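The values are calculated or read from the model by the stated rules, or taken from the named source; none is laboratory data. Just so it is clear, the model here is predicted, and its values are computed rather than measured. Every residue, glycine as well, gets a Cβ built from its backbone with ideal geometry; the counts of neighbours run over all protein chains shown. In case anyone asks, the SASA skips ligands and DNA or RNA and just uses the protein heavy atoms, side chains included. Shrake-Rupley method; radii C 1.70, N 1.55, O 1.52, S 1.80 Å.
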Amino acid sequence: MADYPSGLVHERTLFDGRKVLIRPIRADDDLLERDFLLSGVSGESRYMRFHKWVGAPSDKLIHFLTDIDYDRHMAFLCVYGNGSGTEVAGEARYVVNPDGKSCEFGVVIGDAWRKSGVAGLLMEALIRVAQERGLSSMEGLVLRNNPPMLRFARALGFEVASVPQDPTTLRIVKAL
């Protein structure tokens, strides 16, 4: 596993003036990540992110989300506060596809942080790193019944296409 990429840690200011930290996730963020998925994200939001109902996230899922290599699997958290008062506002990640040229991404924003600018900051960081790593495209799957994500993706320059095998899902792709 690569060393923690501390050069990718950046403080940012939201539309309302709050300061947040955008930083790569760490393996020791497991409890923070679990709390975020249980308390910061509604069941509906978890469904939109994982495309299935996820109650309490399993240890296996939390391990996958937090134990990353910073190369083929990159993830950023947006955190607010410090010490015991740290709250996760959102996260964005990509995993490089087997072709080594493209990646699949996912993003989830805490329900209390919607329309705060967190999603844009996370995606900006994620896209920048994917470009620096030489990836040519970023893609994701979005449920058709998730119009806020589809609007957001289009605003970021993603193209939207049907998935012939699954009429409930759309594929979004952005050339990097």
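Numbers for the structure displayed
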| quantity | calculated |
| --- | --- |
| Which numbered condition GLY55 misses (of (1) in contact with a strand residue (DSSP E or B) (Cβ under 8 Å, 6 or more places away or on another chain); (2) surrounded by fewer than 13 Cβ atoms within 10 Å (Cβ to Cβ)) | (1) |
| Test: MET149 is open to solvent by less than 20 Å² (accessible area, probe 1.4 Å), of a type outside the set (Ser, Thr, Tyr) and in a helix (DSSP H, G or I) | no |
| Residue within region 45-64 that is free of Cβ contacts under 8 Å to residues at least 60 places away in the same chain, closer than 21 Å to LEU135 by Cβ, out of contact with any Lys or Arg (no Cβ under 7 Å at 6 or more places or on another chain) and assigned to a strand (DSSP E or B) present | no |
| Criterion violated by ASP29 - all others in (1) over 12 Å from LEU122 (Cα atoms); (2) surrounded by fewer than 19 Cβ atoms within 10 Å (Cβ to Cβ); (3) in contact with a Ser or Thr (Cβ under 8 Å, 6 or more places away or on another chain) satisfied | (2) |
| Set GLU91, GLU104, GLU139: member being in contact with a Phe, Trp or Tyr (Cβ under 7 Å, 6 or more places away or on another chain), open to solvent by 10 Å² or more (accessible area, probe 1.4 Å) and either not in a helix (DSSP H, G or I) or not aliphatic (A, V, I, L, M) (or both) | GLU104 |
| Residues (closer than 11 Å to CYS103 by Cβ and of a type in the set (Gly, Ala, Ser)) located in region 135-176 | SER136, SER137, GLY140 |
| Pairs, first in contact (Cβ under 8 Å) with a residue 60 or more places away in the chain in region 134-152, second basic (Lys, Arg) and loosely packed, with under 14 Cβ neighbours inside 10 Å, C-beta under 7 Å, six or more apart | none |
| Conditions (1) crowded, with 19+ Cβ neighbours inside 10 Å; (2) in a strand (DSSP E or B); (3) not charged (D, E, K, R); number of the one not met by ALA125 | (2) |
